[in-house]
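I have placed the structure first, in the form of structure tokens, so that the comments after it can refer back to it.
The values are calculated or read from the model by the stated rules, or taken from the named source; none is laboratory data. None of these values were measured; they are calculated from a predicted model. Quick reminder, even Gly has a Cβ in these numbers, built from the backbone with ideal geometry, and neighbours come from all protein chains shown.
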Amino acid sequence: MPNIQSFPFAVRIARRLRPLLLAGLPFATLFAAGAAHAEFRVCNGTPNLVGVAIGYRAEQGWITEGWWQVPASTCATLIEGELQSRYYYLYAEDAARGGRWTGDINMCAAENEFKIVGVNDCFTRGYQQMGFKEYDTGRQGSWMVQLSDTPGTQEGQN
């Protein structure tokens, strides 16, 4: 494996950029903090890959979208920016063990990547019907759901 010192050009560039990078660090921290407070995130606290779908109310009606693949011990942003609704709906499946995080709100989903308008007549329109869990965000601008193998609090605000 080559050593970075064997690339004098790269070292000179890195030395010149270092003050600029350090000067921009406080701004990057502010930007990152602001971005973290305007989204709907799902964090996977399990040891397996989890597939996630979300449902929400929009101008054109009820929307369901999926699938986000969330690897073990990571998070995924499902909606970027300020949340526009009070209620969001989530369905998730453990890819390895087949476990599910479900609820009693029926919405449409598809086997592959999807964005579906409407929650009625799922089967006649060629979709599956799944039970999504409701999350009341209280109109917070940001929300995070923690999926885990153990029962307990699995939601919160950022």
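Which of the residues that make up the range 19-64 are of a type in the set (Ser, Thr, Tyr) and at pLDDT 50 or above?
Thr46, Tyr56, Thr64
Scanning the range 65-109 for residues that are under 22 Å from Asn48 (Cβ atoms) and over 16 Å from the mean Cα position of the chain (by Cα) yields Ala95, Ala96, Arg97, Gly98, Gly99, Arg100, Thr102, Gly103, Ala109.
Quick one: count up the residues across the range 118-132 that are on the phi < 0 side of the Ramachandran plot and either in a loop (DSSP other than H, G, I, E, B) or loosely packed, with under 12 Cβ neighbours inside 10 Å (or both).
Going through the range 118-132 one residue at a time, the tally reaches 7.
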